[in-house]
Each structure stands twice: as structure tokens, then as C-alpha cells.
Amino acid sequence: MKRRSKPRRRGRGLLFLLALIALAGLYVWWGNTALQTSSFSPALRDLPPGFDGCRIVVLGDLHSTYFGEKNKTLLEAVKAREPEYIFLVGDLLDAFRDVPEGYAEETAAGLAAIAPTYYVTGNHEWAIGDVPELKEALEARGVTVLSNQFVTLERNGDAIVLAGIDDPNGYADQKSPETVAEEVRAAYGEDAFWMLLAHRNDHFPEQYSLLGADLVVSGHGHGGVVRLPFTDGLVSTDRTFFPSYTAGLYEKNGSTLFVTRGLGNTGPSFRLFNRPEVAVLTLRRG
């Protein structure tokens, strides 16, 4: 009986290794392109009864990424959740890759056609520049841009305040978050329920949680890029290991934070065990 030759065994081993590499590549591609809808229900003690059950879709960190032709897949996923509001929490564009022509305008128009949409800038918009022109383009497509401003939302006879702040990468003389918080209290009183859209998740523990907002909604953390068991992500967007406040709900100083894992990647980076997220917040009166 003839023995199998070693070259033949090596050839089969190489084919097996190549197959594993191909499967791993397909998994990484799928994990960076297949949308995942995640649902959260923060219990908020002072939420007015009229907003109990209010459904909000939170999108962040698109980084000029398309999901389907002209974001058709993304828009369909958002519409299927029947949101009453849509919050865009920054880094719609990416500073380290070409922005497709008309990308911001198409995305803004598609979202605003589904539900009232509110936007705050992220660090990448300011790194690209032309932020005033971007804000005008979004407003022209029906998106409300909150640049250190606030508005009133009404539902079932009750009202809450929605504030939004520009990213710290913005103009040096812009209003501070603390000034915006003071203006909210001056306009609506100390007991008013208010939410804050602020791109940077990592500013929550030491700054945003102290502003008095009942709910802060952020992005920026990318879910820790690589999601590992028993961690809040492997690496932050600032390249520090094992960050916190990267995905989901948190509480500190009497304030609740929600962070979306986001949708896109910056430059050549990729996600692992961390699919692009369409986040659905259903507000509950705690």
C-alpha cells in the first residue's frame, strides 16, 4: 500500500488555511456591512407622562458610508422602526476618506422624510471644514441642526426640551456646554425635563453628566471597535485600551447616557463582533 506523500498533505493543509482566511474575510465584511437593530428602554424618573413610549432612532458615526444604493438599506431599516424622532449624533462624514458627492444631502433628505430629524456635529465634520455650508445643506433638506441651541418637543399634551451642542473641535469662541445648560434652565426652569445631543461619549463622566440633562445621547465610541466578552470594547477612538461608555446605557451624577455603537468606520479601520447599529430608544417613565 502506498503512503500519501508529504507534499500532498501540505497542499491540503494550505487549502484548508486559505479557506479559513477566506471565511474570516467574509465574516469581517459581513460584520461591517450588515445592519443590526438594537432596542433600549431607558427608565427616566422625571419623564413627562405624555412621552412615555416615545420611540427614537439614534444614528451616529456614518463616516460617509453607504448601506445600499444611496443608503436605501439604512433608510428602510429606520423606517421599519416607525420612529417619532431621529437623532443624528455626529460624524456623518469622514475626514480620512473621500466624501461621495451629495452624500450628506441625500442622507438628510431620506431621514427627514421618515420623521423629524435632529443633528449635531462630530469631530470629523470640523476636521473636514465647511461646517456652515454643511449645516445649511442639512437644514435645506429638512433636518434641524442644533448648534448650541435647544427646541421644545411636544407629545400627548406634554413638552420636553431637546438641546444639542457642537463638537469641541468647533469654533474656539462657541458657547460652552455649561452655558447651554444655563440657558435651558433660564428658559424652562430648574425642573424641566431635557435631553442633550452631544457627539463625544467620553466627555460624559466628567462634564456632560454634570450639566443637569436627564438624558444625554452620544456616539463617537464606535462600540470600542472590537467587542469582546466581559468588556465595553477593546480600544477607544483615542487608541486607549478597554474604554468605557462605548455602547448602551449608563448613569452618573443623576444623568443617564445612551451611546450608539454607530454605523461606519474612519479611514481604513474596521469593526469586529460589532455590527453597524440602528439604535431604537423607547423612553419609559421610571
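Counting only DSSP beta bridges whose two residues both lie in the chain, roughly 35 percent are antiparallel. Relative to the Cα centre, the charge distribution of segment 122-189, modelled as +1 at Lys and Arg Cβ and -1 at Asp and Glu Cβ, gives a dipole magnitude of about 220 debye. Each Lys and Arg adds +1 at its Cβ and each Asp and Glu adds -1 at its Cβ; summed about the Cα centre, segment 1-64 shows a dipole of about 1500 debye. For segment 135-193, evaluate the Debye formula with one uniform point scatterer on each Cα (no solvent term) and list log10 I(q)/I(0) at q = 0.12, 0.20, 0.23 Å⁻¹, rounded to two decimals. Calculated log10 I(q)/I(0) at the listed q: -0.35, -0.85, -1.00. The packing ranking of peptides 47-59, 83-95, highest mean first, is 83-95, 47-59, where packing means the average number of other beta carbon atoms within 10 angstrom of each residue. The slack in the chain from residue 149 to residue 282, taken as 0.36 nm per residue of separation less the alpha-carbon distance, amounts to 45.5 nm. The tail of the calculated P(r) for segment 9-61 beyond 17 Å holds 64 percent of all Cα-Cα pairs. When a 1.4 Å probe is rolled over the protein heavy atoms, the share of accessible surface on the chain that falls to carbon and sulfur comes to 54 percent. With the convex hull of its Cα atoms as the shape, segment 151-259 has an orientation-averaged projected area of 7.9 nm². How tilted is helix 177-188 with respect to the longest principal axis of the chain? Cα atoms for both, answer in degrees (0 to 90, nearest 10). It works out to around 40 degrees.
Among 21-32, 184-195, the peptide with the highest mean count of other Cβ atoms within 10 Å heads the list, and the full ranking is 184-195, 21-32. Ligands, DNA and RNA are left out, and with a 1.4 angstrom probe the accessible area of the chain is 49 Å² per residue.
Between the helical axis of 6-33 and the longest alpha-carbon principal axis of the chain there is an angle of about 10 degrees.
Each 10 Å bin from 0 upward holds the following percent of the Cα-Cα pairs of the chain: 6, 28, 34, 18, 6, 4, 3, 1, 0, 0. Using alpha carbons only, the radius of gyration of segment 53-200 set against its Kirkwood radius gives Rg/Rh = 0.97. Among residues other than residue 223 with Cβ under 11 Å from its Cβ, the summed charge is +1 (Lys and Arg +1, Asp and Glu -1). Only Cα pairs under 8 Å and 6+ residues apart enter the sum, and on that basis the relative contact order of the chain stands at 27 percent.
The values are calculated or read from the model by the stated rules, or taken from the named source; none is laboratory data. On a predicted model such as this, the values are computed, not experimentally measured, just so you know. Neighbour counts run over all protein chains shown; Cβ positions are idealised from the backbone, glycine included. Accessible surface is based on the protein model in full, side chains and every heavy atom, while ligands, DNA and RNA are left aside. Shrake-Rupley method; radii C 1.70, N 1.55, O 1.52, S 1.80 Å.
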